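Reviewing the structure listed below.
The values are calculated or read from the model by the stated rules, or taken from the named source; none is laboratory data. This one's a predicted model, so the numbers in the text were calculated from it and none came from an experiment. Quick reminder, even Gly has a Cβ in these numbers, built from the backbone with ideal geometry, and neighbours come from all protein chains shown.
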Amino acid sequence: MVDLVFFYGTLMTPFNRTGQLRVDQHLLYEGRGTIAAALFDLGIYPAAVPASDARVWGEVYCMTHPAIVLPALDEFEGCRADEPETSLYTRELTRVTLEDGRVIEAWAYFYNAPLGRAERIPSGDYLQYLGRRA
């Protein structure tokens with residue numbers, strides 16, 4: 001099983017959501033990277049959707065116990081593997097390009113509902129986007 005996970009929104013370090021989910025002790029920071037996706041602002045959190053012509057920035061973590069971490073993340077993200085059509089997000093294995101140029105595979109959560117009038121975040125970097133709005 002792949003033991004890497006990619007966070008691009010409120011699961012990144014500054015938000016401390018992984019601490020609230022009690023999975024911090026099972027996550028080791030590996031570095032920053034990008035995935036092929038477009039990023040949108042849904043108001044209280046972002047949404048990434050697969051796209052071949054855009055990149056989304058985020059953080060990569062190694063899960064020391066994926067069997068503990070993934071179910072907690074799935075629940076947080078509204079991801080139901082047995083009912084993907086009703087899931088808010090779906091978890092998919094995706095290619096991540098790290099800052100040093102290496103390409104790895106990690107789990108990432110992609111938005112699985114209508115975007116409505118969500119504003120696109122052109123930079124693909126949620127932290128940079130929030131800094132500009134502050």
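So which residues in region 93-114 are surrounded by 14 or more Cβ atoms within 10 Å (Cβ to Cβ) and of a type outside the set (Phe, Trp, Tyr), if there are any at all?
First, pick out the residues of region 93-114 that are surrounded by 14 or more Cβ atoms within 10 Å (Cβ to Cβ): 94-98, 104, 106-112.
Answer for region 93-114, where residues must be surrounded by 14 or more Cβ atoms within 10 Å (Cβ to Cβ) and of a type outside the set (Phe, Trp, Tyr): Thr94, Arg95, Val96, Thr97, Leu98, Ile104, Ala106, Ala108, Asn112.
Pick from region 9-21 the residues that are under 18 Å from Asp125 (Cα atoms) and surrounded by fewer than 18 Cβ atoms within 10 Å (Cβ to Cβ): which of them is modelled with the highest pLDDT?
Within region 9-21, the match that is modelled with the highest pLDDT is Thr10.
Given the conditions (1) more than 15 Å from the chain's Cα centre (by Cα); (2) at pLDDT below 95; (3) surrounded by 15 or more Cβ atoms within 10 Å (Cβ to Cβ), report the number of the one that Pro66 does not fulfil.
Every condition holds for Pro66 apart from (2).
Let me confirm something: among Thr34, Thr18, which residue is touching a strand residue (DSSP E or B) at 6+ places or on another chain (Cβ under 7 Å) and in a helix (DSSP H, G or I)?
Values: Thr34 fails: in a helix (DSSP H, G or I).
Being touching a strand residue (DSSP E or B) at 6+ places or on another chain (Cβ under 7 Å) and in a helix (DSSP H, G or I) holds for just one of Thr34, Thr18, which is Thr18.
All but one of (1) part of a strand (DSSP E or B); (2) among the hydrophobic types (A, V, I, L, M, F, W, C); (3) surrounded by 20 or more Cβ atoms within 10 Å (Cβ to Cβ) hold for Ala51; state the number of the condition that does not hold.
(3)
Give region 93-112 a look and list any residue that's in contact (Cβ under 8 Å) with a residue 40 or more places away in the chain and out of contact with any Gly (no Cβ under 9 Å at 6 or more places or on another chain), or say none.
The first filter runs over region 93-112 and keeps only residues in contact (Cβ under 8 Å) with a residue 40 or more places away in the chain, leaving 93-100, 104-111.
Result: Leu93, Thr94, Arg95, Glu105, Trp107, Phe110, Tyr111.
Any chance you could count how many residues in region 69-123 are farther than 15 Å from Val2 by Cβ, aliphatic (A, V, I, L, M), touching a helix residue (DSSP H, G or I) at 6+ places or on another chain (Cβ under 8 Å) and in a helix (DSSP H, G or I)?
Qualifying residue count for the region: 0.
Return the residues of region 37-48 that are outside any strand (DSSP E or B) and on the phi < 0 side of the Ramachandran plot; say none if nothing qualifies. Write out each step before concluding.
From region 37-48, those outside any strand (DSSP E or B) are 42-45; that's our starting set.
Matches in region 37-48: Leu42, Ile44, Tyr45.
Looking at this structure, is Glu59 at pLDDT 95 or above, closer than 21 Å to Tyr129 by Cβ and over 15 Å from the mean Cα position of the chain (by Cα)?
Details: at pLDDT 95 or above: yes; closer than 21 Å to Tyr129 by Cβ: yes; over 15 Å from the mean Cα position of the chain (by Cα): no.
Criteria not met by Glu59.
Pick out the one residue from Asp3, Asp74, Asp24 that is modelled with pLDDT under 95 and over 18 Å from Leu130 (Cβ atoms). Show your work before the answer.
On the way: Asp3 fails: modelled with pLDDT under 95; Asp74 fails: modelled with pLDDT under 95.
Result: Asp24 is the single residue among Asp3, Asp74, Asp24 that is modelled with pLDDT under 95 and over 18 Å from Leu130 (Cβ atoms).
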